[in-house]
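The values are calculated or read from the model by the stated rules, or taken from the named source; none is laboratory data. Source: prediction; values computed, not measured. Using ideal geometry, Cβ is built from the backbone for each residue, glycine included, and neighbour counts are taken over all protein chains shown. Accessible surface is based on the protein model in full, side chains and every heavy atom, while ligands, DNA and RNA are left aside. Shrake-Rupley method; radii C 1.70, N 1.55, O 1.52, S 1.80 Å.
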Amino acid sequence: MATLTQAPPKPPKLVPREARAYPVGHEPVHNYLREPRPADDVRGLKRAWAWFKLWALSVDHKRIGIMYLVAVSVFFTVGGLLALGIRTELFFVNTYDASGAVVGGNIMGQDAYNRVFTMHGLVMVFLFIIPSIPATMGNFLLPIMVGAKDVAFPRLNLLSLYVYMAGAIIALISITTGGVDTGWTFYTPYSKETGTAVIAMAMGAFVMGFSSILTGLNFIVTIHKMRAPGMTWNRMPLFLWSLYATSIVQILATPVIGITLVLLVMERVFGIGIFDPALGGDPILFQHFFWFYSHPAVYIMILPAFGVISELMGTFSRQRVYGYRAVALSSVAIALLGFLVWGHHMFTSGQSPVSSVVFSLITFLIGIPSGIKVFNWIWTMYKGSVWLKTPMIYALTFLFLFTIGGVTGIMVGALSVDIHLHDTYFVVAHFHYVMMGGTVMAFLGGIHYWWPKMTGKLYNETLGKWSALFVFVGFNMTFFIQFVMGSQGMPRRYYDYPDMPWLEPLHQASTIGSYVLGVGLLLVLINGLLSIRKKTPRAPGNPWGGATLEWTHTTSPPDHHNFHHTPLVTHGPYDYEVLFRSSGDSQRGAPVPDVSVGAPQEMHVTVDDGTK
Amino acid sequence: MATNPQITVDDPHTGGDGAHHDGGHHGGDGHAHGEPHMMVGHDGELHPSNLQFYFVSTEQQFESAKLGMWLFLATEILLFGGMFVAYGIFRVLYPELYEQASMQLDTTLGAFNTLVLLLSSLTMAWAIRAAQMDNRKLLIQMLSATIVLAGFFLVVKYFEYEHKYHLGILPGEAFVLEEGTPRVEDLVEGVPATPLITFGEESEGGDGGGDAAPAGETGSAEATPAAASAAPAGDAAHSDDHGEYAREGEIFSNRRAGIFFGIYYMMTGVHAIHIIIGMIAIGFLVYYSWKGKYSSVYYTPVENVGLYWHIVDVIWIFVFPLMYLI
Amino acid sequence: MLRLAVLLQAAADSVVLDERTSFWTEGGSLWLPPQESTTAHEVDSLFYFILYTSLILTLIVTAAMVYFVWKYRRKNNADRPVDVIESKWLELSWVTIPTVLVLVVFFWGFRSYVSTSIPPSDAITINVKAHKWAWTFEYGNGMQGFSEVWVPVGQPIRLEMTSRDVLHSFYVPEFRIKHDVIPNRFSYVWFEAPEEGTYQVLCTEYCGTAHSNMGAKIHVVSRTEYYQILQNGPPGQGPLPPAELGEMLYTQRNCNTCHSIDGSAGVGPSWLGLWEAPRPGSPQGVANEEYIAAAILYPQEYYAPGYEGVNMPGYEGQLDEEQVAGLAAYIRLINDAATESDLTLDAPADSTGSDTAPPAGDGMDDTATSTE
Ligand code: HEA
Ligand code: HEA
Ligand code: CUA
Ligand SMILES: [Cu+2]
């Protein structure tokens, strides 16, 4: 094979010391983190400024992905701290004096609480979870995985980052101008009457919608038009399939929330009356509009997570993902079915009973493709070689928690049962199981998995496992109890529970759980920060033995144009067997080769994969 | 392994000088003047100057841009789709009222504007043709003509808005059209403005639509017996609210009519914003074609803005009959 | 285990507690509160069916996961996967079994939805008005109950509900009923309570500041007691001296949400120091009896200085003259300006004073016009 490529001339002076471990000619000399960089004679503050500009104005999808990652992590922390505020407030049932004034058991007032949970919901949904996986890992990996040098519209990609930032800032302004206390659902007519910051918040969400659309648009075009030679649809990694399905939803659903929010703003500014019953308008119509976006939006949140899990299950089982086609197409099926079920949020709202019945039926149908995925993932481990590293632990956590979240979704989808459970903590627990237990677990798993690719450094495995343990225990303690509280009748969005003081012990357990969860997440953060120190050794190009292009054809961290040569794809994304064969050790069962950046494997780097 | 000898043309690091501080641009915006020409990328290979480094070929780049545009247009349609749905629902809820409200819109001006927009679509299509034929002068002329027509549309729209503003035909709660205000058509035909309807102010405690006054229309075809309109389904307003809405089917001083105009202003307003954005985009096209950026080899922006412009027109084609005619 | 046995025993006894005091209730279970309506069991049986099916499914999933992780764990650096041919039967089975299950659940849910949502024809109707942040119940004879309602045992009751301001939702966990309450529209729920007792109503649609305090009580009483109440008015709401009536209303109608009585600032002005405080909107220039009454009924016309634009709900049509006077008396009381007549029960006002309050008025209008 070596004769096939004309070996590029070796530039001896340019090889950084750490890169010596790479095959000759394929050292990460153009590491995207450092390249492009300011000219050598720019020094001091000027240099810092030059660095800043090279990052902030970079159209490199990898740099954009990293900037997104920093932003969503900050907002996740903000949203999480607000959540701890919620939980702390609910720790004690309040005590009242004779006149009915609160004298104890609270840390904030009613209005403050209402703002806190609203901000928690809005920050988590619009600022964190919707951009979370697509904009960070999607941006970073999608072009590499299809074998392209960038997304189709790199400048739109950068624009989407700034649009997102602008939206986030507008949204945060609304906090300083009084805060929003409508709940993240903005139901009219309440949202028409309450404080004026609603306008800023709605506009912020509207603006962020553009960013989401731009990302989706970029992804669809990139997948359609920029696949490397040999990258057929059936050879695409499942992460790409799920991003593709996500993008469809982003493009088709986001404009509707856009116009809904604009109408809401107009309602407040001019009183156009469409949603205001006092003017003859229809508040239920608002709910239809809102959920027409926001239900598909939950699949914007979960589909990318499905993709991450597929990658993790494949690589860490060293096994082809079972039922590849079924897993790929079920993403698309979920995306499309997801447009037809929004009414399941409105069973008690007064929509017509007939539509409730139809919505309930279609809601159940979504359970089927979801089930296909779950079972296929589990069967992927069958006769595989399961490697229990931190990312895999998060993936297994995902499987467990998402199954619980999903089946409780079926529970609230059952008409008569939802009458009892609607707007109670049961629903709160359901959606935290799917959002936190689903998406966030996949997010954490994916971040650990691709951390060496993104930063060039390995995190600390022991610390990683500890953090996963804390997160798992804390999460279940916080939210499993909420199922019980909810079915016992605890309504959501309650600042206090004066009418059901007997729930206090349950609330307390849940609150303590949330602290444990917080510790776990803090460990994740610490682990990440520790790993990017200078003295942490560099990660190899393919530490996990992955078979997708980002592992087989790029260095860690990748080059700023991703590939030295446009790759030619000759096998599926999970054909680990091919990796063995290509290492020339097919018969002897040698380890999966470390780096194979399009060059003949003259050199094997043995990785300590912890299985001695 | 996945190594292929054929695919090395775009390796940016072979034979180069090693240090590229170009922020990721190989081809160049702003490098292109006059006829498209080839540029030497730093891989030493020839690229058309408008080909971005991350594309393999000009065709790929063109197709990507076009697919992107179509997807964007899909979002536009959904954006307006939301408003069309709102329109449809209220139309079903308050059919009589909407018919009356629709009469307040000036069909003549609306039809005129429709023609203007159709014409502008034509000039836009012509501009694309001109680009394909490398006729720069015609291209600039046609693009300018499109802008002028769009401006014309906006001016007419302005007069429509202004007229309504003076009558008090405002959206939602600001709606104050007084009884007896003549319709636009009456004014045009010079029919004396007579109070169309008189009714007792009393309606407290009345039962539903029963107290709706008989519609004494002055010889227009659209005599609408308001009594025919029962309270809309699902709207079981309590007895003490009937005073407010009892005149369902009658537009004057009826707050609900404000919803129609709320939707009217929203739809036409958002549409007008799209027209303005289109004008700006076409303005840029004029500038760049004057600079000679477009030719039969590269005219993707012209084509894409053209697509956008057609969609904006098509939306108007739906807005016009829904709002003005039925 | 013992606890479970006790619970099951309790469920069989189905003893009704007046009010819940602990999480482990008699008649309830870990998951659900006691069943206190005739339709509750329909909801519960489906709930348990899905719960246990889900539990089994989750266990299967988890067990398979744990087994595979163990069985196929990587023992050696060079571990090689075994090529697995996908089994059509396996894939088919995990498509069909869930499909069958969800269809069962759907039809079950659909059937119980229909049978729990259509009220029997012999139901009595009680009107319910929701407003920020309390419930008013109105009987056919004009009697009203504030945050409390009395219904006869073993009788289907249909509630005809509407809201004066924003969305609310009427929820009684023990009855398994819930429905949003919408301004300008009527919505309905019905229930039939087979046992006497007192049950908690909760508001489950977010409605602003005191959403969590918007409770009410449903008293299920014997038929005779019910007729007595219909004739003589709500028990415990008999004649009270004005100041005491005001004190009761202060908490009952959630005035305390915004107005303190100790001078501390709130959403609205404190009632301490309010009496005879200067008020520009008052003809006499100070807050007196008349002014206070007017400001309660039409708050948007009488803003206290510094509180302009605060969206207090208007109580026109919700509080009668006697009640407004009671509130004024209470304000006098906390400002040490109470008169003799505030504290005594003079003319035995007919106990169903609410009779005279015409259930009219249009609270919503206040919000609409307040922008002027
Ligand atoms: C990531 C986000 C996410 C995801 C993926 C889901 C997934 C699902 N959700 Fe959830 N949901 C939310 C986020 C999400 N939801 C949020 C945020 C809310 C509340 C909004 C608010 O009011 O604030 C909500 C509320 C909500 C409601 C309204 C409850 C109420 O307010 O009363 C309903 C009702 O039907 C529902 C149903 C479902 C269903 C059926 C699924 C399905 O997609 C789940 C499918 C998955 C499985 C079923 C598990 C795997 C399958 C198997 C192991 C096979 C075997 C299964 C069977 C045989 C059934 N959700
Ligand atoms: C992505 C979505 C998401 C996530 C992740 C969470 C996470 C959490 N949520 Fe959230 N929640 C919502 C979305 C989400 N929530 C929504 C939409 C609502 C509805 C709002 C409404 O009703 O309008 C809601 C409502 C809601 C309620 C109900 C409030 C009410 O109805 O009154 C509660 C109560 O317990 C709660 C608690 C929590 C807790 C304890 C967490 C915890 O999981 C949080 C844990 C996180 C931390 C403790 C932060 C610690 C982080 C660090 C230390 C840094 C680490 C950083 C990195 C790893 C990058 N949430
Ligand atoms: Cu009323 Cu919540
Ligand atoms: Cu949903």
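Structure above, values below:
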quantity: Accessible area in the full protein assembly, largest first, 1.4 Å probe, for B:Ile326, B:Ile89; calculated: B:Ile326, B:Ile89
quantity: Cα gyration tensor shape for region C:38-132, rounded if a/c is under 1.5, else prolate or oblate; calculated: prolate
quantity: In the C-A interface, the accessible area buried, summed over both sides, Å² (probe 1.4 Å); calculated: 8500 Å²
quantity: For residues of A:308-318, the mean tally of beta carbons on other chains within 10 Å; calculated: 1
quantity: Amide H contacts of C:Cys203 (H built 1.01 Å from N, under 5 Å, at least 5 apart or other chain); calculated: C:Met214
quantity: Accessible area that becomes buried as A packs against B, both chains, 1.4 Å probe, Å², nearest 100; calculated: 5100 Å²
quantity: Local electrostatic count at A:Trp379 - Lys and Arg +1, Asp and Glu -1, tallied over other residues with Cβ under 15 Å; calculated: +4
quantity: Amide H contacts under 5 Å for A:Thr424, placed H, 5+ residues apart; calculated: A:Arg492
quantity: Positive-end residue, region A:39-116 charge dipole about Cα centroid, Cβ charges, pick of A:Thr95, A:Asn106, A:Leu84; calculated: A:Leu84
quantity: At least 40 Å² of accessible area lost relative to the chain alone, listed for region A:31-58 with a 1.4 Å probe; calculated: A:Pro36
quantity: Surface per residue (accessible, 1.4 Å probe) for chain A, Å²; calculated: 30 Å²
quantity: Per-residue HN-Hα couplings for region C:64-75 [Karplus 6.51, -1.76, 1.60; θ = phi - 60°; Hz; x = Gly/Pro]; calculated: 4, 4, 5, 4, 5, 4, 6, 4, 9, 4, 6, 9
quantity: Cβ-based net charge around A:Leu69, under 12 Å, with every Lys or Arg adding one and every Asp or Glu removing one; calculated: +2
quantity: Distant-in-sequence amide H partners of B:Tyr298 (H built 1.01 Å from N, under 5 Å); calculated: none
quantity: Largest-first ordering by accessible area, 1.4 Å probe, given options A:Ile248, A:Ile223, A:Ile512; calculated: A:Ile512, A:Ile248, A:Ile223
quantity: Chain A - mean residue ellipticity at 222 nm from DSSP helices (-39,500 (n - 2.57) per run, n ≥ 4, rounded to 500); calculated: -19500 deg cm²/dmol
quantity: Prolate/oblate/rounded label for region A:444-492 (Cα gyration tensor, a/c 1.5); calculated: prolate
quantity: Accessible surface, 1.4 Å probe, highest first, among residues C:Cys258, C:Cys207; calculated: C:Cys258, C:Cys207
quantity: Rounded tilt (10° steps) of A:425-434 against the dominant C-alpha axis of chain A; calculated: 10 degrees
quantity: Solvent-accessible area, 1.4 Å probe, carbon plus sulfur percent, for chain A; calculated: 70 percent
quantity: Sparse-neighbour loop sites [GluC sites (Glu not before Pro); region C:216-311; at most 13 other C-beta within 10 Å; DSSP]; calculated: C:Glu308
quantity: At least 30 Å² accessible surface lost relative to isolated chain, residues of region A:170-199 (1.4 Å probe); calculated: A:Tyr187, A:Pro189, A:Tyr190, A:Glu193
